[in-house]
Amino acid sequence: MSADRLRRSPRPAYAVLAILAGFVLWALHFTMIYAINAFACERGYEREALLGLPWVPAMVGLATLLVLLPLLLVLRGTTRRLGLPVTEGGQAEPRFTTWFAAAAAGYALLAVLFQAVPSLVLPACGVGY
């Protein structure tokens with residue numbers, strides 16, 4: 001096997017870490033949204049403004065952008081690796097882990113968006129009800 005082929009071949013460890021990255025980023029986003037809302041309710045920041053925007057939606061939007069960027073990079077990297085040829089011996093497992101990493105990143109991306117929308121639209125701490 002040539003050195004050039006070794007550099008281009010997908011590594012199974014990368015696919016497994018990409019699977020974990022999708023779920024870890026999703027969990028991190030959930031934790032950040034929960035912490036932002038809890039902090040705002042505890043300290044009375046639910047009606048405060050940050051750069052002219054309501055504080056809680058601005059922070060949730062920032063947290064969402066910070067998580068979406070690495071998720072998109074993981075999704076892009078895994079979908080690019082799906083087109084690479086199968087490894088020597090025709091093993092299907094590395095291709096499956098790469099596919100599963102792409103699916104996990106896509107699912108995590110949708111989950112992050114579904115978590116962010118209610119936090120951006122609804123008032124924090126039930127203010128206004």
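The values are calculated or read from the model by the stated rules, or taken from the named source; none is laboratory data. The shown structure was predicted, so the numbers you read here are calculated from the model rather than taken from an experiment. Glycine gets a Cβ as well: all are built from the backbone with ideal geometry, and neighbour counts include every protein chain shown.
Condition test on GLY77, is it at pLDDT 75 or above and surrounded by 13 or more Cβ atoms within 10 Å (Cβ to Cβ)? Here the answer is yes, as GLY77 does meet what is asked.
Between a residue in the stretch 107-127 that is over 18 Å from LEU28 (Cβ atoms) and any residue that is of a type in the set (A, V, I, L, M) and buried (at least 17 other Cβ atoms within 10 Å of the Cβ), which pairs come within a Cβ distance under 8 Å, given they are 6 or more apart or on different chains? Filtered contacts from the stretch 107-127: ALA124/ALA40; ALA124/VAL56; CYS125/ALA40.
Conditions (1) part of a helix (DSSP H, G or I); (2) touching a residue at least 40 places away in the same chain (Cβ under 8 Å), marked per residue:
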{"position": "ALA18", "(1), (2)": "yes, yes"}
{"position": "LEU25", "(1), (2)": "yes, yes"}
{"position": "ARG47", "(1), (2)": "no, yes"}
{"position": "VAL60", "(1), (2)": "yes, yes"}
{"position": "LEU66", "(1), (2)": "yes, no"}
{"position": "LEU71", "(1), (2)": "yes, yes"}
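How about the stretch 23-77: which of its residues are more than 23 Å from the chain's Cα centre (by Cα) and of a type outside the set (A, V, I, L, M)? Listed by number, the residues that qualify are CYS41, GLU42, ARG43, GLY44, TYR45, GLU46, ARG47, GLU48, GLY52, PRO54.
Could you check, for the stretch 102-113, whether at least one of its residues is loosely packed, with under 14 Cβ neighbours inside 10 Å, of a type in the set (A, V, I, L, M, F, W, C) and modelled with pLDDT under 85? No, the stretch 102-113 contains no residue that is loosely packed, with under 14 Cβ neighbours inside 10 Å, of a type in the set (A, V, I, L, M, F, W, C) and modelled with pLDDT under 85.
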